[in-house]
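Here the structure is laid out as structure tokens; the discussion comes afterwards.
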Amino acid sequence: MLCVRTLLRGAETGRAVTAARAQIFWFATGPRQEDSRFYEFRTYTVKPKRMQEFLKLGNEHMHLRTAHSELIGYWTMELGGLNKVFHIWKYDNFQHRTEVRTKLAKDQEWQEKYISKMLPMLDKQENEITYLVPWCKLEKPEKEGVYELVTFQMKPGGPALWGQAFKTATSVHNHVGYSKLIGVFHTEYGLLNKVHVLWWNENPDSRATGRHLSHEDARVVAAVRESVKFLESQQNVLLIPVPFSPLK
């Protein structure tokens, strides 16, 4: 009898857990983030007269920074923003970022050779914390090219509202091959309901050609028409990788 009661209690507990998970799913704003890794987006606005000096300093000393954590890519903005650089850093979790920032503050060589000289060259610094969306892996192109960062400001409500339509539109565009998808990132800290999509193209002209073709492709048009119902604004930026950028 004791065994039967134990089994019954176990079954009731299992049903309760299932019900609780169902409630969590019902109220969730999107798929659960299982991976603690995240990506910090940094955008620096450089004083116009000092851009070349800024880039030269980075070429000479960025190895001191990458000794502490992984750099995904570093670019200058060519179109859609002037006198700006954009870079992506990967962290295992928030504790990892804290440890890296602490070590950087104590790294005298980094502080003296780079930070002390770099800061006076800047007008502004901005950062965001993002996660890769669950259905996307970070890719790397087979050869050098240019990049396009497309930023979508979506309607409030999170991926539960617009996630599937956005996934379909992005996946269709990638599948037809007009551009190569590098990564799709969802903002966690910064302006929320923002999605960044990073694309690779061989050059600006191949990107322009692909964009014109996609506008005439019924598959892309149908998918985009559905996703734009949830769109508030969009910004496109053409990015040129610097020599020390891992993503070329």
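Assorted remarks:
- Using alpha-carbon coordinates, inclination of helix 94-106 to the longest axis of the chain, degrees: 30 degrees
- Sorting Y114, Y189 on solvent-accessible area from highest to lowest, probe radius 1.4 Å, gives Y189, Y114.
- Backbone phi angles across region 206-214, fed through the Karplus curve with coefficients 6.51, -1.76 and 1.60 (θ = phi - 60°), yield HN-Hα couplings of 5, 5, 4, 4, x, 5, 5, 5, 5 Hz in residue order; Gly and Pro are listed as x.
- The calculated 222 nm mean residue ellipticity attributable to helices in the chain amounts to -12500 deg cm²/dmol, summing -39500 (n - 2.57) over DSSP H runs of n ≥ 4 and dividing by all residues.
- Added length on full extension, which subtracts the Cα-Cα distance from 0.36 nm per residue, D123 to D92: 8.2 nm
- Full extension of the chain segment joining L213 with K229 gains 3.5 nm, where the gain is 0.36 nm per residue of separation less the Cα-Cα distance.
- Percent carbon-and-sulfur accessible area, the chain, ignoring ligands, DNA and RNA, probe 1.4 Å: 55 percent
- Each Cα pair under 8 Å and six or more residues apart adds its separation to the average, and for the chain the resulting relative contact order is 26 percent.
- For region 120-248, size of Cβ-based charge dipole, Lys and Arg +1, Asp and Glu -1, in debye: 280 debye
- Under the simplified labelling scheme, the S171-K47 pair shows an inter-label distance of 5.0 nm, with each label point 7 Å from Cα along Cα→Cβ.
- This model, with +1 at the C-beta of Lys and Arg and -1 at the C-beta of Asp and Glu, gives the chain a dipole about its Cα centre of some 520 debye.
- Separation of the alpha carbons by more than 23 angstrom is noted, of K124/K248; K143/K180; K49/K194; K90/K180, for K124/K248; K49/K194.
- Multiplying the residue separation of K155 and K248 by 0.36 nm and removing their Cα-Cα distance gives an extension gain of 30.2 nm.
- FRET E, pair S116, L191, Förster distance 45 Å, beta-carbon r, rounded to 0.05: 0.90
The values are calculated or read from the model by the stated rules, or taken from the named source; none is laboratory data. Computed from a prediction, not measured in an experiment: that's the story for all the values here. Note that each Cβ is placed from the backbone with ideal geometry, even for glycine, and that neighbours are counted across all protein chains shown. Only protein heavy atoms, including side chains, enter the accessible area calculation; ligands, DNA and RNA are left aside. Shrake-Rupley method; radii C 1.70, N 1.55, O 1.52, S 1.80 Å.
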